[in-house]
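Participant: Please find one structure pasted underneath; my questions will follow.
The values are calculated or read from the model by the stated rules, or taken from the named source; none is laboratory data. A quick note: this is a predicted structure, and the numbers were derived from the prediction, not measured. Don't worry about glycine lacking a Cβ; one is built from the backbone with ideal geometry, like all the others, and counts go over all protein chains shown.
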Amino acid sequence: MILRDKPHALRLFFIIKGSVVPIVASKILFVTLLGTAVAWVEYYYSYLFPPLAVAPMAFFGVALSLFLGFRNNASYERWWEARKQWGKLIVESKSLTRQIISYIDFDKVGGETTKKRLVLLIVAYNHALRHYLRKTEPWNDIEALLGSSDVKILKGAENVPDTILLLIGMELSGCLQKDSISDFAIQNFDNHLTQLTSVQAACERIKNTPIPFAYMLLVQRTTYLYCFTAPFAIVASLGVFTPLFCAVIAYTFFGLDALSDELEEPFGTSANDLPLEALTRMTEINLRSMLGEVELPKPILPVQHILT
Amino acid sequence: MILRDKPHALRLFFIIKGSVVPIVASKILFVTLLGTAVAWVEYYYSYLFPPLAVAPMAFFGVALSLFLGFRNNASYERWWEARKQWGKLIVESKSLTRQIISYIDFDKVGGETTKKRLVLLIVAYNHALRHYLRKTEPWNDIEALLGSSDVKILKGAENVPDTILLLIGMELSGCLQKDSISDFAIQNFDNHLTQLTSVQAACERIKNTPIPFAYMLLVQRTTYLYCFTAPFAIVASLGVFTPLFCAVIAYTFFGLDALSDELEEPFGTSANDLPLEALTRMTEINLRSMLGEVELPKPILPVQHILT
Amino acid sequence: MILRDKPHALRLFFIIKGSVVPIVASKILFVTLLGTAVAWVEYYYSYLFPPLAVAPMAFFGVALSLFLGFRNNASYERWWEARKQWGKLIVESKSLTRQIISYIDFDKVGGETTKKRLVLLIVAYNHALRHYLRKTEPWNDIEALLGSSDVKILKGAENVPDTILLLIGMELSGCLQKDSISDFAIQNFDNHLTQLTSVQAACERIKNTPIPFAYMLLVQRTTYLYCFTAPFAIVASLGVFTPLFCAVIAYTFFGLDALSDELEEPFGTSANDLPLEALTRMTEINLRSMLGEVELPKPILPVQHILT
Amino acid sequence: MILRDKPHALRLFFIIKGSVVPIVASKILFVTLLGTAVAWVEYYYSYLFPPLAVAPMAFFGVALSLFLGFRNNASYERWWEARKQWGKLIVESKSLTRQIISYIDFDKVGGETTKKRLVLLIVAYNHALRHYLRKTEPWNDIEALLGSSDVKILKGAENVPDTILLLIGMELSGCLQKDSISDFAIQNFDNHLTQLTSVQAACERIKNTPIPFAYMLLVQRTTYLYCFTAPFAIVASLGVFTPLFCAVIAYTFFGLDALSDELEEPFGTSANDLPLEALTRMTEINLRSMLGEVELPKPILPVQHILT
Amino acid sequence: MILRDKPHALRLFFIIKGSVVPIVASKILFVTLLGTAVAWVEYYYSYLFPPLAVAPMAFFGVALSLFLGFRNNASYERWWEARKQWGKLIVESKSLTRQIISYIDFDKVGGETTKKRLVLLIVAYNHALRHYLRKTEPWNDIEALLGSSDVKILKGAENVPDTILLLIGMELSGCLQKDSISDFAIQNFDNHLTQLTSVQAACERIKNTPIPFAYMLLVQRTTYLYCFTAPFAIVASLGVFTPLFCAVIAYTFFGLDALSDELEEPFGTSANDLPLEALTRMTEINLRSMLGEVELPKPILPVQHILT
């Protein structure tokens, strides 16, 4: 995620970081060159292109706006829902931790060790879910929190976050059997586990179910067709301004397309994706400080305006 | 569901799989031929068509965009809600399984056999719901999970998924009567059954209540009228480019129409529908691995970019 | 609700059932005749109408699209929410029935008779709510289910569905007093009653609170003004094509208006309304089959593509 | 709220009640006169105004549509959410009443008197919330329901509805202390009180947090600028039709603006506001009939198509 | 937040307070001067700019409207969600207070002192969350409510609102251990704490996750390009009216951009932000009056139409 103040006036045009310009630069260049060629042809062979051609383009433009607008809304909603789900993960993690600390009588079940283990399992769940969504290796983070014996168990599992939830469930079950928690409270705890399952399922849904491929084809083909035919349509009205106008059109439409593409899958590590690492770290700090620990890791800060 | 990387530049135009082009090819061809004919007539009988005709078409185009945009949003929302409901099915299946394993004292009620039966009933519910929505035969899947005696009972039922829920309810009731589960916990379990009922009702709603037929007529008639009158309107401005433009217009509007049509009923087996088979298989793997089974079925992978 | 396959190509234009054409036919005819008259005048008194008049109409068209689009979305959302509420009714009815069968110890409270009565009261609630929303007489359906003594009580009531809920509440209260149900379970049951109340309140809201009347005036007046001035504006550009274009414009805008009007109040019995009768019948079949009855009514099937 | 059948054809244009025309009449008149003046000037000094001026206006019109569309959606959503919240108030009032009647053992706590008092307090809450939102005096309604002693207490309170909730809470607390209600049921009752608090907070939110003032300025200034410059832009294309067109434009845009303004704060007593009085009366009838009372107030009916 | 009556007619144009004009004045001025220069050039070197150039601008305008419309909706939704979350904070604070007063037997746990401390902790939470979101010092407010010993604890905490929740949890835990509250009620109380955590997480989400930076760049660059090229495109059609038109265009598009920018982060103290101070004060008054206190702070009133 990019965090920087709003730039003013001219500086606005020279920001590269976080801009989609690098991604679509080659397309903008191509359309601009095409526009130049068309303008050159028009200059030497006057009136080759019909002067009214711009009108049909205009309502084609309305259709394209519809397509891009739809795709953009869908992508943004996925991105924002992903952030909301991660917010729910934070709430559930904090609340379950608070309840564990408040309502379990740890004197009956291993005292501080069990308490700490339960909370660190929740922290580990956060890290594991992040690695799972980003397809990175979770073992360093998990080993630091839970030790190597748990790592061995988890390495054999189909789905690491799921298995951590099972481990939490087993610990709570143990507490219940030793009567250190009431039958009523355990059901309340369990609902938090259901909520965590639901966060995970929602994140998997967003990650694994892209916007239907046929949309992507329809939107992109239309965008290409539009930008490649635009020069022919506008050259009669704009003359030498054609290349400039082509560049702006290409930037506008390819840019929105590229941005929608980036937001559609918000768990990656590109510049506009969600800062999962910073969020997980912050949860770790909060939960461990609720345990009373004082040597806490540092929050992650943006590097060159980018928070990972 | 189609899973493939975003193609680049020219390759984009040669993808057929997942594209709506084959579905609307004949219509595109017809409109293009019409455009050619009109352009030919215009060439021989100059100025037959009024040069300003494009302006009225433009605001007709705005109305059409409104219609197609509305229908497209409604279809996409149905498709996405369907996916969300299936996600809820996964959450409820996993959570009920976890609670069954954690909070039932199976020593009092048949031990591992009962436990396994309960979990397999939940797996069977997932398969049965899929077959129910796709109108396919569920018996192979159910027999493999539950054995032939249950199949006999279910074959006599009005509604297979409903009856499986009743079987789960009866098993849980039996556990309650033998005091292997607390009165409080059973209500919590029961709420998961209510949630499963709610997923099923939502899927039936999406499947059985199409977008009102009159919309379909209004949208499609307008699309046809628009594409069939467009050549006459634009020929004066575009001349020989008319057929090309007709092809693009037809692709754009018929394509969006065809795609909306496909997404409206997302439980089918066409290329852009939801991969219910892969989702159910994954749930089966997850639930059976929670039972401690090690010989699990394999996840379903995309075949030629298509996940069923 | 209309259930029929998507028609193809030309057949599309000859479907009357479910189409809004009959409703708006007179308006289309009027606008077309007006267009003919204007074209005739233009033909004899050339250049009477300014050729550029179409441009102001175009942006008036944008405003009209905005109005119609808004109203259409609002109507469709009401229709779809109504269907969702009815889905919730199904879920709550089924779940309450399942819980009644599972968790009440009927040996203490009249055995099968009480059980059957409770379930039939829920079925009767479904029928009563349908009749209440459609303002039809519920007595036949209720007498067949509950007998004449209950009909007598209900005939004296202000609000039949409400009173049936009270009857269910009284039966459950009786079960509680005779200790045939736990204090905890009864609260869970009661929440289903609250949900049924909430479904009813939502249906009443949709039925009794139309989209503000001033919108209807604004939308309809603008539609009329637009369609009646369109011929004057386009005749200079379209000449003899004016009547055809007028017909299409009138169909498009009056058609959308008529359709929105029909969907706004979705509980009626017009062709695009919700099939409440079929839905209620299906719930009756499901609930009675959960009671173990075998002589069940038949599901309602579409008659001439229409499901009531 | 206005309740009347949809008028047909010409009659549509002569409805004043519920129309926004009276509110915007002076503005429509002004713009029309301006249009007449401009057309007169154009007639005497031909070609004063550039004939192409309408094109820039058209895309200014798109921007204005965007603004008005946004504001209109936001206002309508506030109006509809307000109605939903009031529906929730009805559900919670009815459900709490049903539970009070079913689950409190009134023999231990003052019998019918306490029961009646509890239900009338809920009725009083409904009336008090209505008066609170409409800033009218609630004392007549409250005294008729609760008597003068409660009125004295409530007159000293900061917030009347809040204090009625506290009185209900105190009564329920009394019931709990005398063991006439189970510890479990009381929590369920209490959740209804939380829901009532939530309805009240939502209504206060809608009432006290208008759409940001800067939007209002932006939308209105743009509307004025647009309507005041339109005559100059269209006179070249429309000639003598200019005043007519000005009137339509002014009606369309000022009308939507006035309507959005009215819906933004839906708790007032203007023609398109919510019929809080009728809704409260209906709740009073329902709740008192649940108490078994037979002398009930009459439902409020529309007077000259208006329900207050 | 700005609270003032809707101004009429001409006065509308002279309101500065709450308007975005001061923010965008320099840009409007620049575009107007550019327009003047272009009109001057056109006047001396006639026909320099192609007369049809306005058509391509028009559909560029459609794209820009799409961008601005999207960003505006996203910003407004953030602002409105923030207000809803704060409403939820009010509901949870009031409900928890009501339950604490009703269901805790304070005779066993320090009597009035504990009760008052619990309620003041909730008040302090409201103040602390406000200061946290606005990044201001909370110590004055907190010391006035809780005294200096708590301030000392909180000054050492990572996250002040979180720590206040922990303090509330500890007090409630103490009540549970001394049996002054039932096991069932405590879980209900705890759910309110979870809800408060969820409000805080949602506010942090809105504050810390801006709309993706790349959108801002895309929207703003397009706005600048549009406003800076508009004069060249329209000068041929509008002649001497060009500067006026430029001013209006710049006001419209830069104004919407500036307003979206302000609403995107609604917890600040600019004129259109949420009146957190007034809301918190009102909650303080309500909660303390529920404690029976009579010397209450005064509600905060708008100063020069602005409520902070």
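Participant: Residues in the range B:111-120: is at least one closer than 30 Å to C:D183 by Cβ, out of contact with any strand residue (DSSP E or B) (no Cβ under 7 Å at 6 or more places or on another chain), part of a helix (DSSP H, G or I) and within 14 Å of chain C (Cβ to nearest Cβ)?
Facilitator: Checking the range B:111-120: not a single residue is closer than 30 Å to C:D183 by Cβ, out of contact with any strand residue (DSSP E or B) (no Cβ under 7 Å at 6 or more places or on another chain), part of a helix (DSSP H, G or I) and within 14 Å of chain C (Cβ to nearest Cβ).
Participant: In the range B:236-262, what residues are facing chain A (nearest Cβ under 9 Å), among the hydroxyl-bearing types (S, T, Y) and closer than 17 Å to B:M57 by Cα?
Facilitator: To start, the set of residues in the range B:236-262 that are facing chain A (nearest Cβ under 9 Å) comprises B:236-239, B:241, B:244-245, B:248-249, B:251-253, B:255-256, B:258-259, B:262.
Applying the additional criterion that residues be among the hydroxyl-bearing types (S, T, Y) yields B:237, B:251-252.
Those that are facing chain A (nearest Cβ under 9 Å), among the hydroxyl-bearing types (S, T, Y) and closer than 17 Å to B:M57 by Cα: B:S237, B:T252.
Participant: If only one of C:D190, C:D179 is among the charged types (D, E, K, R), more than 30 Å from D:P299 (Cβ to Cβ) and within 14 Å of another protein chain (Cβ to nearest Cβ), which one is it?
Facilitator: Numbers: C:D190 fails: more than 30 Å from D:P299 (Cβ to Cβ).
Within the list C:D190, C:D179, the selection yields C:D179.
Participant: Does the range A:138-166 hold any residues that are acidic (D, E) and surrounded by 19 or more Cβ atoms within 10 Å (Cβ to Cβ), and which are they? Quick ask: steps written out before the conclusion?
Facilitator: From the range A:138-166, those acidic (D, E) are A:141, A:143, A:150, A:158, A:162; that's our starting set.
Residues satisfying the conditions are A:D141, A:D150, A:D162.
Participant: Can you name the residue in the range E:56-110 that is aromatic (F, W, Y) and either touching a His at 6+ places or on another chain (Cβ under 9 Å) or at pLDDT 90 or above (or both) and, of all such residues, is nearest to E:L176 (Cα to Cα)? Break it down stepwise before answering.
Facilitator: Quick first cut of the range E:56-110, residues aromatic (F, W, Y) only: E:59-60, E:67, E:70, E:76, E:79-80, E:86, E:103, E:106.
Then keep just the ones that are either touching a His at 6+ places or on another chain (Cβ under 9 Å) or at pLDDT 90 or above (or both); that gives E:70, E:76, E:79-80, E:86.
On the way: E:F70: 50, E:Y76: 43, E:W79: 39, E:W80: 38, E:W86: 29 Å.
For the range E:56-110, the residue satisfying everything is E:W86.
Participant: Output the residues belonging to the range A:178-225 that are modelled with pLDDT of 90 or more and in contact with a strand residue (DSSP E or B) (Cβ under 8 Å, 6 or more places away or on another chain).
Facilitator: Selection gives A:P212 alone.
Participant: Is there any pair linking a residue in the range A:165-194 that is free of Cβ contacts under 8 Å to residues at least 24 places away in the same chain to one that is surrounded by fewer than 18 Cβ atoms within 10 Å (Cβ to Cβ) and aliphatic (A, V, I, L, M), with Cβ under 9 Å and at least six apart or on different chains, and which?
Facilitator: Hits for this filter: A:L166/A:A157.
Participant: Would you pick out the residues in the range E:252-273 that are surrounded by 23 or more Cβ atoms within 10 Å (Cβ to Cβ) and within 22 Å of E:Y132 (Cβ to Cβ)?
Facilitator: Residues satisfying the conditions are E:L263, E:P266.
Participant: Would you check if there is a residue in the range D:222-229 being without any contact (Cβ under 8 Å) to a residue 12 or more places away in the chain and closer than 22 Å to D:R78 by Cα? If you could, list the steps in order and put the result at the bottom.
Facilitator: Just the residues of the range D:222-229 that are without any contact (Cβ under 8 Å) to a residue 12 or more places away in the chain, to begin with: D:224-225.
When the remaining residues are screened for being closer than 22 Å to D:R78 by Cα, the result is none.
Looking through the range D:222-229, none of the residues is without any contact (Cβ under 8 Å) to a residue 12 or more places away in the chain and closer than 22 Å to D:R78 by Cα.
Participant: Quick one: how many residues across the range C:167-197 are over 21 Å from D:I181 (Cβ atoms) and surrounded by fewer than 21 Cβ atoms within 10 Å (Cβ to Cβ)?
Facilitator: Step one: list which residues in the range C:167-197 are over 21 Å from D:I181 (Cβ atoms), which gives C:167, C:195-196.
Now drop any that are not surrounded by fewer than 21 Cβ atoms within 10 Å (Cβ to Cβ), which leaves C:167, C:195.
Residues in the range C:167-197 being over 21 Å from D:I181 (Cβ atoms) and surrounded by fewer than 21 Cβ atoms within 10 Å (Cβ to Cβ): 2 in total.
Participant: Could I ask something else about it? From the residues in the range E:67-88 that are among the hydrophobic types (A, V, I, L, M, F, W, C) and facing chain D (nearest Cβ under 9 Å), which one is farthest from the chain's Cα centre (by Cα)? Quick ask: steps written out before the conclusion?
Facilitator: Residues of the range E:67-88 among the hydrophobic types (A, V, I, L, M, F, W, C): E:67-68, E:70, E:74, E:79-80, E:82, E:86.
Restricting the remaining residues to those that are facing chain D (nearest Cβ under 9 Å) gives E:68, E:79-80, E:86.
On the way: E:L68: 19, E:W79: 5, E:W80: 8, E:W86: 10 Å.
Among them, the one singled out is E:L68.
Participant: Right, next: Go through (1) at pLDDT 90 or above; (2) over 30 Å from E:F213 (Cβ atoms); (3) of a type outside the set (D, E); (4) in contact with a Pro (Cβ under 7 Å, 6 or more places away or on another chain) one by one and return the number of the condition E:L129 breaks.
Facilitator: (2)
Participant: Spot the failing condition for E:A157; the list is (1) out of contact with any Phe, Trp or Tyr (no Cβ under 7 Å at 6 or more places or on another chain); (2) assigned to a helix (DSSP H, G or I), and only one is missed.
Facilitator: (2)
Participant: Out of (1) touching a residue at least 40 places away in the same chain (Cβ under 8 Å); (2) over 20 Å from the mean Cα position of the chain (by Cα), what's the single condition that is false for A:W139?
Facilitator: Tallying (1) touching a residue at least 40 places away in the same chain (Cβ under 8 Å); (2) over 20 Å from the mean Cα position of the chain (by Cα), A:W139 fails exactly one: (1).
Participant: Tell me, please, whether a residue that is without any contact (Cβ under 8 Å) to a residue 12 or more places away in the chain and more than 11 Å from the chain's Cα centre (by Cα) can be found in the range B:272-288. Can you show your working first?
Facilitator: First pass over the range B:272-288, keeping only residues without any contact (Cβ under 8 Å) to a residue 12 or more places away in the chain: none.
Within the range B:272-288, none of the residues are without any contact (Cβ under 8 Å) to a residue 12 or more places away in the chain and more than 11 Å from the chain's Cα centre (by Cα).
Participant: From the list B:V248, B:V303, exactly one residue is in contact with a Leu (Cβ under 8 Å, 6 or more places away or on another chain) and at pLDDT 85 or above. Which is it? Can you show your working first?
Facilitator: Working: B:V303 fails: in contact with a Leu (Cβ under 8 Å, 6 or more places away or on another chain).
Step by step, each of B:V248, B:V303 is checked, and only B:V248 is in contact with a Leu (Cβ under 8 Å, 6 or more places away or on another chain) and at pLDDT 85 or above.
Participant: Suppose we filter C:I181, C:I168, C:I164 for residues that are closer than 16 Å to C:I101 by Cα and within 29 Å of the chain's Cα centre (by Cα); which single one remains? Step through it out loud before you land on a result.
Facilitator: Numbers: C:I181 fails: within 29 Å of the chain's Cα centre (by Cα); C:I164 fails: closer than 16 Å to C:I101 by Cα.
Every option except C:I168 fails the conditions.
Participant: Same structure, new question: Being more than 30 Å from C:E204 (Cβ to Cβ), in contact (Cβ under 8 Å) with a residue 40 or more places away in the chain, assigned to a helix (DSSP H, G or I) and under 31 Å from the mean Cα position of the chain (by Cα) is true for just one of D:V123, D:V24. Which residue is that? Spell out the reasoning first.
Facilitator: Numbers: D:V123 fails: more than 30 Å from C:E204 (Cβ to Cβ).
So the residue among D:V123, D:V24 that is more than 30 Å from C:E204 (Cβ to Cβ), in contact (Cβ under 8 Å) with a residue 40 or more places away in the chain, assigned to a helix (DSSP H, G or I) and under 31 Å from the mean Cα position of the chain (by Cα) is D:V24.
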